[in-house]
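Notes for the one structure printed next.
The values are calculated or read from the model by the stated rules, or taken from the named source; none is laboratory data. Everything numeric here is computed off the predicted structure, so don't read it as measured data. Positions of Cβ are generated from backbone atoms using ideal geometry, with glycine treated the same way; all protein chains shown enter the neighbour counts. The area values use the complete protein model at the heavy-atom level, side chains included, leaving out ligands, DNA and RNA. Shrake-Rupley method; radii C 1.70, N 1.55, O 1.52, S 1.80 Å.
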Amino acid sequence: MNIQNYLPIQETPEDCARFAQNIRIHIKNYIQENNLQSLVLGISGGIDSALCAALLKPVCEACNIPLIGRSITIETNQPDEIERSLKIGENFCHNFEYLDLTSTFLENKKNLIHLDDSMLSKLRQGNLKARMRMMLLYDLAQLHRGIVIATDNFTEYLTGFWTLHGDVGDYAPTLNLWKTEVFALARYLLPECNEMQKQALQLCIDAVPVDGLGISSCDCEQLGVQDYFEADQLFVRYFSGDKTLEVHPLIKRYHQSHYKRKNPVVITRVQLN
């Protein structure tokens, strides 16, 4: 990877303004070119989906289509997460509902064999939750002739910090933003928000990032770093040539999740012949 194309911004107002404007221009063009009638967004109570909501609301209004949001909680979501998701949904979405799929999840969980207290079992259950949420979001997108918005960022992409066929989507406006840039852009957007929107977005900026799947107490615990600033800087150092970082848990995770970034694996026409 040519790291020069991916160096994190310095968080200046000019950088943030350029990023926000370009994201909005591109998604607006995509909506119009494809005659989309809605955008569908899963809202977790975390910074990534909150930023997407803040970025996309004015775009949807300019295109005269609804931003449809759903907060879909399952068993392990904490009260503060749920509260933040409700505030974001109510203040940024044109069509918003809260759904609790715990009972459905527990019923589906019965079909998972050999569950125990291991990390593997936690990951399997977390994957089931993510895929259940996405089923509902895609059904909404089909019903309302729209697409599902992906909320991943570049740091999560490099670490494989998502579920295949789960918390993904059709259009990923923030996929090439480092996690630190996600926070920077959210802070930049605060002045354009009304008071209720500002309070909701600030809550997500201040919150400890968690996956909402009950796998660990925070994202950074899983990634082996103190915070996302450290994670982003480690990646920059590694891709700049610092191979001493090969043994770091974050870099190991990058290599171990390579298969996710290559999904699906396709047999080429040359190989068929």
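Pull out a ≥ b ≥ c, the square roots of the eigenvalues of the alpha-carbon gyration tensor of region 116-158, then state rounded if a/c is under 1.5, prolate if not and a/b is larger than b/c, and oblate in the remaining case. Oblate shape, in that a/c is at least 1.5 and b/c is the bigger or equal ratio.
Surface exposure of the chain, expressed per residue as accessible area with a 1.4 Å probe, stands at 51 Å². Listed cross-link partners 122/198; 28/129; 57/179; 110/262 are compared with a 23 Å cut-off, the Cα-Cα value being larger for 122/198; 28/129; 110/262. Each Cα pair under 8 Å and six or more residues apart adds its sequence gap; the mean of these over the residue count of region 170-273 is a relative contact order of 18 percent.
Peptides 155-167, 198-210, 258-270, 65-77 ordered by packing proxy, namely the average of other Cβ atoms within 10 Å per residue, highest first: 65-77, 155-167, 198-210, 258-270. Solvent-free Debye calculation, one equal scatterer per alpha-carbon of region 139-273: log10 I(q)/I(0) at 0.12, 0.16 Å⁻¹ equals -0.61, -1.00.
Roughly what percent of Cα-Cα pairs across region 107-206 reach past 21 Å? Value for region 107-206 (Cα pairs over 21 Å): 53 percent. The charge dipole of the chain, taken about the Cα centre with unit charges on the Cβ atoms of Lys, Arg (+1) and Asp, Glu (-1), comes to about 960 debye, rounded to the nearest 20. For region 24-74, rounded, prolate or oblate, judged on the Cα gyration tensor with a ≥ b ≥ c (square roots of eigenvalues), a/c < 1.5 rounded, else prolate if a/b > b/c? Verdict is prolate for region 24-74. Once percent of Cα pairs over 29 Å apart is calculated for the structure shown, the corresponding label among [x] 33; [y] 26; [z] 53 turns out to be [x]. Below 18 Å, Cα to Cα, which lysines can residue 243 reach? Residues fewer than 8 away in the same chain don't count. Excluding near neighbours in sequence, the set is 252. Distance from the C-alpha centroid of region 61-115 to that of region 120-190: 13 Å, rounded to the whole angstrom.
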